[in-house]
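Laboratory data are not the source of any read-out in this text; all were calculated from the coordinates shown. Quantities reported herein were computed from a predicted structural model and do not represent experimental measurements. Cβ placement follows ideal geometry from the backbone for every residue including glycine, while neighbour counts extend to all protein chains displayed.
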Amino acid sequence: MEENIQSKMFQEIRDKEIFKQAQQYSFEYLENIFNRNVYPTEEAIDNLSKFDEDLPDGSTKAKKVLEQLNQYGSPATTATLGGRYFGFVCGSALPVGLAAKNLGTHWDQSPAMHVLSPIGSKLESVVEKWLIQLFNLPKESSAGFVSGTSTANLCSLAAARYRILKKNNWDINQKGLYNAPRVRIVTGKQAHSTILKAIGILGFGQESIEWVDVDNQGRIIPEMIPELDENTILILQAGNVNSGAFDDFETICAQAQKANSWVHIDGAFGLWAGAVDKLKHLTKGIEKANSWAVDGHKTLNTPYDCGIVLCKDKEAMTAALHMSGSYIIESKQRDGMFYTPEMSRRARVIELWAIMKYLGREGIDRMVLTMHERAKQFSNEIGKVHGFYVDNDIVFNQVIVRCDNDKMTERVLNNIQNLRECWLGSSVWLGKKVMRVSICSWVTTEKDISISIKSFEKALELERKNTSRGV
Ligand SMILES: *Cc1c(COP(=O)(O)O)cnc(C)c1O
């Protein structure tokens, strides 16, 4: 590196100005975000054009770089951190998680190997054990710390593919998928899109899926599952992304165990129900599965990005994801890269550890149960407003709301989004256009729900006025 640039950078570290500047911006952001418009204004979005520039030839002052980021970036964020962002299934971030992530950012560790990051390796071992205990999974299970449930699903299905083919004397790593024995994929018609993506990436082909009918909550109907066998991967769901519903694991896993099938559970946000006394009936039987995918960044409210793949069959998991090289130093301690597709990755376990330690079992129970209670409050209150209907049982944190017809639902949702007092998106449920409310933030209070209900009412009123004026 050119000497004068290098000395400039050392100077930046010594005088700490840019770190203080960024910290100041962060503090201001945190002070405003809980009361700010939930969705960025048109102006904020228009201003993003400031970033449309060619890569500069010369250097820009670090202070200026941060200034631009704050001035035009901060207002163009969505307030997913706050209490009235109900879109998708996101989750906020606990303060201790943000703070720990900040510290971890400055460590800049890669937990690929123990020798590369002893602290990263240690925390991964500890959190692996904590998660297995918390979800009551088989003791011998292993965890990989990945970016999210998309990747966790992919890793689980790769492990399943390895194991099933291995039992057929077929080493997938060496021989590939051409001419391999057939692996059957069975899943419900409400499987998450990332399951389909994983099936595509792994070369099974989505056309080969044996689809199982679901009930009006999106749960697999156990009687409709085709005959299972030892060459089958059965994919279940803890938390339907629309209704929040859970498959009947107790019944289905017993069925699958008898047939020696591999069961994978996509529990991106729903697996956390297993950590709540009053909700753990929903995850009853999950311990009989072979692999599980769950997010930290949704229900547990870790900062992005944080997903976990858990697998009972360590050998299948590491064989499916394993890599080696002459310079790789295997240790007796945990080398994280054997459990993830990546070699280098950030040590996202730092904030996951911090949040689990901070909350403890009781804190996790209370936080997740509160989300459920707010969802019930939302459902009760919106159900009383003439012109809105709730289309699902509130078993967890999801509420499906609609108006009299698709057109009305669409327009009212549009009005809600434009009001910016809360934010949510749309979906299709039982053939109808619906609005999808996901309560998964530690910030959401009873008052946030009331404010949001008022916003729904305003949006409906606006629509009725427009309709009567013939707009
Ligand atoms: C969010 C979600 C996913 C995908 O998880 P990412 O963390 O976004 O990769 C998969 N399945 C379900 C049920 C989800 O809710």
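Tabulated data for the structure shown
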| quantity | calculated |
| --- | --- |
| Selection within segment 72-124 - touching a His at 6+ places or on another chain (Cβ under 7 Å) and part of a loop (DSSP other than H, G, I, E, B) | GLY91 |
| Breaking point among (1) in contact (Cβ under 8 Å) with a residue 40 or more places away in the chain; (2) surrounded by 23 or more Cβ atoms within 10 Å (Cβ to Cβ), for MET435 | (1) |
| Lone qualifier among TYR29, TYR39, TYR25 - being touching a strand residue (DSSP E or B) at 6+ places or on another chain (Cβ under 7 Å) and either assigned to a helix (DSSP H, G or I) or not β-branched (Val, Ile, Thr) (or both) | TYR39 |
| Residues that are of a type in the set (Ser, Thr, Tyr) and surrounded by fewer than 23 Cβ atoms within 10 Å (Cβ to Cβ), drawn from segment 142-156 | SER142, SER147, SER150, THR151 |
| Condition met for GLU463 (crowded, with 19+ Cβ neighbours inside 10 Å, acidic (Asp, Glu) and in contact (Cβ under 8 Å) with a residue 40 or more places away in the chain) | yes |
| Condition met for VAL263 (in contact with a Leu (Cβ under 8 Å, 6 or more places away or on another chain) and within 26 Å of THR302 (Cα to Cα)) | no |
| Residues (more than 22 Å from the chain's Cα centre (by Cα) and not charged (D, E, K, R)) located in segment 379-400 | SER379, ASN380, ILE382, GLY383, VAL385, HIS386, GLY387, PHE388, TYR389, VAL390 |
| Residue within segment 273-289 that is within 11 Å of the ligand (Cβ to nearest atom) and surrounded by 15 or more Cβ atoms within 10 Å (Cβ to Cβ) present | no |
| Exclusive hit being among the polar types (S, T, N, Q) and within 17 Å of VAL443 (Cα to Cα), set THR60, THR80 | THR80 |
| Residue list for segment 255-272, restricted to those being within 16 Å of the ligand (Cβ to nearest atom) and assigned to a loop (DSSP other than H, G, I, E, B) | GLY267, ALA268, PHE269 |
| Only one of GLU12, GLU31 that is surrounded by 10 or more Cβ atoms within 10 Å (Cβ to Cβ) and more than 30 Å from PHE86 (Cβ to Cβ) | GLU12 |
| Count - residues of segment 141-161 that are away from the ligand (no atom under 12 Å from the Cβ) and within 23 Å of ASN231 (Cβ to Cβ) | 6 |
